[in-house]
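K.L.:
Can you read through this structure? Questions will come right after.
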Amino acid sequence: MIELYTAATPNGHKISIALEEMGIEYRVHPLDLMAAEQKSPAFTAINPNGRIPAIIDTENDNFTVFESGAILLYLAEKTGQFLPTDPKQRSQVMQWLMFQMGGVGPMMGQANVFYRYFPEKIPAAIERYQHEGRRLFEVMDRQLAEHRYLAGEEYTIADIATWPWVRIHEWSGISIEGLAHLQRWLSELAARPACQKGIMVPPRKEQSDEARAKEIQKMVTR
């Protein structure tokens, strides 16, 4: 049993998708980010950084893992799924996983903040992060022109890590127009049952995008 501490964000969805893909039994512990539950002593005892997601593996002496990339690697190695054993192929997966962790996630996250949430509109900041997000999408599109998935012909944790971010490109204000191969990849993953289930974990609180943006503005400016 995996105890999953999460919220309805792309980083959280990476892990719920992976758990669904791998067929691992798990129990969800939703955290209310607006109420700063991720900063509570109970949660920082699990993740000292106070960020979701985090897991506890009850089958492994209640071993805790935080950081979404580290969790994906842990689960892939635990199950022997979605991470090749061949050293070169494994390295390719790791490279694209790091591409997401160091590029796609941070750039889109900053685009979200300045485009949607920050109380003062700063055009230079918005343009910077949207431009970089688009550049990263173009890198992916070129890779996907030659390969079915990011790290080659097999679906891996690199795809699981990246899809939850790229699927919200409109929320970040980043166009995917003209990126036919990226669009094909997005559609193919969207059709996977595990992806469909994973992005519903935990259920998102019913509220308008405007109301949600206002709540996040308060959190951003604390």
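No lab work stands behind these numbers, since they all come straight from the coordinates. Quick caveat, the model's predicted, so the values are computed rather than measured. Don't worry about glycine lacking a Cβ; one is built from the backbone with ideal geometry, like all the others, and counts go over all protein chains shown.
K.L.:
Residue 2 versus (1) out of contact with any Ser or Thr (no Cβ under 8 Å at 6 or more places or on another chain); (2) crowded, with 22+ Cβ neighbours inside 10 Å: which is the lone unmet condition?
P.N.:
(1)
K.L.:
While we're on this one: With more than 19 Å from the chain's Cα centre (by Cα) and aromatic (Phe, Trp, Tyr) as the only criterion, which of 82, 66, 137, 43 stands out?
P.N.:
Working: 82 fails: more than 19 Å from the chain's Cα centre (by Cα); 66 fails: more than 19 Å from the chain's Cα centre (by Cα); 137 fails: more than 19 Å from the chain's Cα centre (by Cα).
Exactly one residue qualifies, and that residue is 43.
K.L.:
Looking only at the stretch 13-32, count how many residues are surrounded by fewer than 24 Cβ atoms within 10 Å (Cβ to Cβ) and of a type in the set (Gly, Ala, Ser).
P.N.:
1
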